[in-house]
Each structure stands twice: as C-alpha cells, then as structure tokens.
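Report on the following structure.
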C-alpha cells in the first residue's frame, strides 16, 4: 500500500513536471501558403500558428525578402494585427495581392521584379506583444512571382 502511494505521487510529479507551459514570449510557426507560384493579380495567403501566454499582440512585422530582385523587398511594420479572439494559441492568416487588388482583406500589395525575370522570395514574420516581448521570426517557403 505504501509503495502504491509513493508511485502515484511520483507519477503525478512526472505528469505535472512534463506539462508544457505556454510562454510569455510569443512564438510563431509558418504553416502553409495557398500556393507557391503566383501570376499577377493573384492572392497569396500565408498561415502561421502562434502561442502567447497573455494573448496580447501589439504589432506584427512582415518582410518580403527576394532572392533575385531585391529592389522590391519591403519591411512592413504597420500591418494591422489580424483580429482574433483572446486566446493563447491560434492561427494568423496574412493576405497579399500580387500587383493590385480591390479586396479589402489584403494586408499588403506585393510586387515582382522590374525586369522580365521571375521573382523568388520568402516572407519573414514576427510579432511583438504589449510587454515588448518579440517572437521568433517565422519564414515562409519560397514563393515565385511570375512576370
């Protein structure tokens, strides 16, 4: 009987000791894109998952980094935080238009090369919360913008 009690206590300690806690520092993970080759006029949607103990995002930073057409790179720190319920885990969906778009859900307009070459780029995203904690930078797969 005494050993059963000790084993149950040790099991409980092991369970609670291994339980993963959500961190106060936001964490982002790149999940997917709705396509990785775009023609002009296409919509690009990038999906990221997040965790944040306080669920208090303050700003989002987005960088388009081109491999071969750096004249159209951008860093956007004014993108609006997508609205979502106050939860510690969830998804962020960022929507971009290649060239132009009348769609009001578009986060930013992205442009390709100013030459006849196709543009291969990645999107780097991080968030900051109201306490000033900055997440890791989550990087998308290669996205090709056709001319």
Using Cβ contacts closer than 10 Å as the measure, can you line up 92, 143 from fewest to most?
92, 143
Given just the C-alpha atoms of region 104-144, how large is their convex hull per residue in cubic angstrom?
105 Å³
Taking Cα atoms only, Rg over Rh for region 22-145 with Rh from the Kirkwood formula is 0.98
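Of the peptides 70-76, 116-122, how do they stack up when ordered by the mean number of other Cβ atoms within 10 Å, highest first?
Numbers: 70-76: 12.6, 116-122: 16.3.
Highest mean packing first, the order is 116-122, 70-76.
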Label-point gap, in nm, between residue 101 and residue 27 - each point 7 angstrom along Cα→Cβ
3.0 nm
List the relative contact order of region 22-145 as a percent without decimals, with contacts defined as Cα pairs under 8 Å and 6+ residues apart.
34 percent
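Quick note: the coordinates plus some simple rules give every number you see, no bench work behind them. What you are looking at is a predicted structure, and each value in this text was computed from that prediction instead of being measured. For neighbour counting, all protein chains shown are included, and Cβ atoms are generated from backbone atoms with ideal geometry for every residue, glycine included.
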